[in-house]
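Notes follow once the structure below has been shown.
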Amino acid sequence: MGKHRGGHAAESRVVADEPAPAASHKATAAGVPVAWSAAELAELREGGAVGAAFTAAVAAVLVRTMHPTVAGGDSGELMGAACELGVAHPPGYPLFTMLSWLGTQVIPVGTPGYRLNCVSVLFAVLAAYFHFSAVLRWHLGMVRAGVTPGAGGGEQWRGSAWVALIASGTLVFCPLLWQYSTHAEVFAMNNMFVAILLYLGVRYVQERQVVWARLGALFIGLGLTNQHTLLLYALPLVAWMLHLGRAQLLNPREFGILAALGLLGLTPYLYLFWAATHAPLGSWGDTSTLSGICALSVRACLPWPHAGRAAQTVPASHCPATAPHTPAVCVPALAACDATTHK
């Protein structure tokens, strides 16, 4: 009887380590996706729980260390643009402006400055979550492939959640990233988009499902309405994914879908046309025309020494008469927002 029970136990262990059903991991023309074993799926679930606790801890720390009101740098100007739905300094940051304004409407506590800082904290928390999730899956895949120590299958503990915890914790609480996550600034949103693209890239590599590539195209477009420096990350990622999934993604129909989704992500720039209709105090440039938006988006309005001839070719009507970084502009805008919010 004991031997019989032992035989069943051994059989159960073997079954637990067999790949998950193919129905949940369909092969595609781009290649064969990863088929996680039952033990690996369990580790992903446990890692998800660790990630949720980590994300909650990040949120608590960032809220506790967040600026209570207007911080230095561009924070005051960005707050003023968000409160009055204006146009921030080049390249305009339309998505940041709209989502920050939404934050002042839905966050139920605090002054406008406090609420706008909470929006940046939210972006930083989402960046932490997606970075953790990406590292968790990446490390588990590397162990499966035998690239990192711990390969061998079975019920062996792989520790992917702790690798993700160390990596993401080091990133989030890097002094520079931490600093720009605690007040209204565009950098936390950019970090969020980078983390999302990293996560989507890992999912596509492991699953070869086109939905992850399509979401990546959409989020690249959205990210470019915030920070153009996202291209430094997006271009190598796109080149790598197109090479890896060339049989699937370079199909004319699919490539057209990806391009259309990328353009769809750029649609927040249409906000700049609308913002020109009421031109609130402190708005940059004349965004009522396509040429004005182009001048804003390429930063031709900024008084940089290296702008040189490019700045001279921009009509004066496309650039602000005064730089809206001064308290004389930011404070009235925030005061107006405060009055509107507390009606």
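Could you tell me which residue of the range 234-245 is farthest from the chain's Cα centre (by Cα), considering only residues that are part of a helix (DSSP H, G or I) and closer than 16 Å to Q209 by Cβ? Even if it seems obvious, please write down each step before you answer.
Of the residues in the range 234-245, the ones part of a helix (DSSP H, G or I) are 234-244.
Still in the running and closer than 16 Å to Q209 by Cβ: 241-242, 244.
Values: M241: 18, L242: 21, L244: 23 Å.
Among those that are part of a helix (DSSP H, G or I) and closer than 16 Å to Q209 by Cβ, it is L244.
This table checks each residue for (1) of a type in the set (A, V, I, L, M); (2) in contact with a Phe, Trp or Tyr (Cβ under 8 Å, 6 or more places away or on another chain); (3) loosely packed, with under 15 Cβ neighbours inside 10 Å; (4) in contact (Cβ under 8 Å) with a residue 40 or more places away in the chain.
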position: A195; (1), (2), (3), (4): yes, yes, no, yes
position: Q206; (1), (2), (3), (4): no, no, no, yes
position: L224; (1), (2), (3), (4): yes, no, no, yes
position: T229; (1), (2), (3), (4): no, no, yes, no
position: H243; (1), (2), (3), (4): no, no, yes, no
position: L258; (1), (2), (3), (4): yes, no, no, yes
position: L272; (1), (2), (3), (4): yes, no, no, yes
position: A275; (1), (2), (3), (4): yes, no, no, yes
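Within the range 283-295, the presence of a residue that is assigned to a helix (DSSP H, G or I), modelled with pLDDT of 90 or more and either among the acidic types (D, E) or under 28 Å from L99 (Cα atoms) (or both) is excluded. As for the range 271-280, it holds at least one residue that is at pLDDT below 80 and either closer than 17 Å to L224 by Cα or assigned to a loop (DSSP other than H, G, I, E, B) (or both).
Checked against the criterion of being at pLDDT 85 or above and not in a helix (DSSP H, G or I), the candidates G51, G86, G76, G72 yield just one match: G86. When the range 88-102 is filtered for residues that are under 13 Å from A184 (Cβ atoms) and hydrophobic (A, V, I, L, M, F, W, C), the ones remaining, listed by number, are A88, F96, L99, W101. Under the condition of being touching a His at 6+ places or on another chain (Cβ under 9 Å) and touching a residue at least 60 places away in the same chain (Cβ under 8 Å), which residue from the range 164-193 is surrounded by the fewest Cβ atoms within 10 Å (Cβ to Cβ)? Here the residue is T182. Within the range 96-124, the only residue that satisfies the criterion of being surrounded by fewer than 23 Cβ atoms within 10 Å (Cβ to Cβ) and under 12 Å from the mean Cα position of the chain (by Cα) is L122. Contact list please: Cβ distance under 8 Å, first residue in the range 279-297 and under 16 Å from A82 (Cβ atoms), second residue of a type in the set (D, E, K, R) and not in a loop (DSSP other than H, G, I, E, B), pairs at least six apart or on different chains. Taking only residues 6 or more apart or on different chains, the pairs are G282/E77.
Condition (residue is part of a loop (DSSP other than H, G, I, E, B) and free of Cβ contacts under 8 Å to residues at least 12 places away in the same chain) applied to the range 90-108: is it met by at least one residue?
So the first thing to find is which residues in the range 90-108 are part of a loop (DSSP other than H, G, I, E, B), and the list is 90-93, 107-108.
Checking which are free of Cβ contacts under 8 Å to residues at least 12 places away in the same chain leaves us with 108.
There is at least one residue in the range 90-108 that is part of a loop (DSSP other than H, G, I, E, B) and free of Cβ contacts under 8 Å to residues at least 12 places away in the same chain.
Restricted to the range 189-211, and to residues that are in a helix (DSSP H, G or I) and over 22 Å from S168 (Cα atoms), which residue is modelled with the lowest pLDDT? Filtering first and then ranking leaves E207. The residues of the range 215-241 that are within 14 Å of V205 (Cα to Cα) and modelled with pLDDT of 95 or more, listed by number, are L215, G216. Of all residues in the range 167-192, which are of a type in the set (S, T, Y) and within 17 Å of the chain's Cα centre (by Cα)? Answer for the range 167-192, where residues must be of a type in the set (S, T, Y) and within 17 Å of the chain's Cα centre (by Cα): S168, Y180, S181, T182.
The values are calculated or read from the model by the stated rules, or taken from the named source; none is laboratory data. Just so it is clear, the structure is predicted and the values come from calculations on it, not from any experiment. Note that we place each Cβ from the backbone using ideal geometry, even for glycine, and neighbour counts take in every protein chain shown.
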